[in-house]
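Data first, discussion second: the structure below is written as structure tokens.
The values are calculated or read from the model by the stated rules, or taken from the named source; none is laboratory data. As the structure is a computational prediction, the values presented were derived from the model and not from experiment. Because the Cβ atoms are built from the backbone with ideal geometry, glycine has one as well, and the counts that use them run over all protein chains shown.
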Amino acid sequence: MKKLLPLFILFLSFLFCQGQETKQLSGHYFSSEAPGIFEKLPIIHYLSGTTKILGTDLMLNKNTSYVYRNCSVIVQGKWEVKNDTLWLFPQANRWRNDSLNKYGYNGKPLQIMKKIMKFEIGNGILHRKFSVKFNERKMMAIETLVKDTLGR
């Protein structure tokens, strides 16, 4: 019995630490940056090869479920943290526009999103970079989400 006590304490401390991390990270995140005058010009994005993702909203629930919203889709799934990275595993998604949900886009229904989203974690900020295509040109998309501490 005495040999099992240290293992039991280690197991409990692991559970406690895991729960604290989830509590601290859970909450509402949003993209807070407003585009500057130059960022509103498409030519700037085209020449620089980068673009910022704005208008995004992410709710991380304490039960490790999440809801991610952007201008076109709403994605729901489960999240987990490994080291300093937040992983979002999608389970369901739908268009924000009800007509697209009903009729599809170009006659095709929305496919369940399979791509796992990965954010770097840092002081109430979630940050990710990923490749996108814009007019047959590959670009780097940058998304920064800030934790809502004011309860918006």
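Determine if region 99-115 includes at least one residue that is under 16 Å from residue 70 (Cα atoms) and modelled with pLDDT of 85 or more. Reasoning before the result, please.
Here is the first cut: in region 99-115, the ones under 16 Å from residue 70 (Cα atoms) are 100-101, 110, 112-113, 115.
Next cut, modelled with pLDDT of 85 or more only: 115.
Yes, region 99-115 contains a residue that is under 16 Å from residue 70 (Cα atoms) and modelled with pLDDT of 85 or more.
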Exercise for the section: Kindly provide the set of residues from region 18-65 that are among the charged types (D, E, K, R), at pLDDT 90 or above and loosely packed, with under 15 Cβ neighbours inside 10 Å, ordered by number. Expected result: 62
Completion exercise
Given the conditions (1) surrounded by 15 or more Cβ atoms within 10 Å (Cβ to Cβ); (2) out of contact with any Phe, Trp or Tyr (no Cβ under 7 Å at 6 or more places or on another chain), every one holds for residue 107 apart from (1)
Exercise for the section: Go through region 71-100 residue by residue and tally those that are more than 27 Å from residue 147 (Cβ to Cβ), exposed (fewer than 14 other Cβ atoms within 10 Å of the Cβ) and not charged (D, E, K, R). Expected result: 2
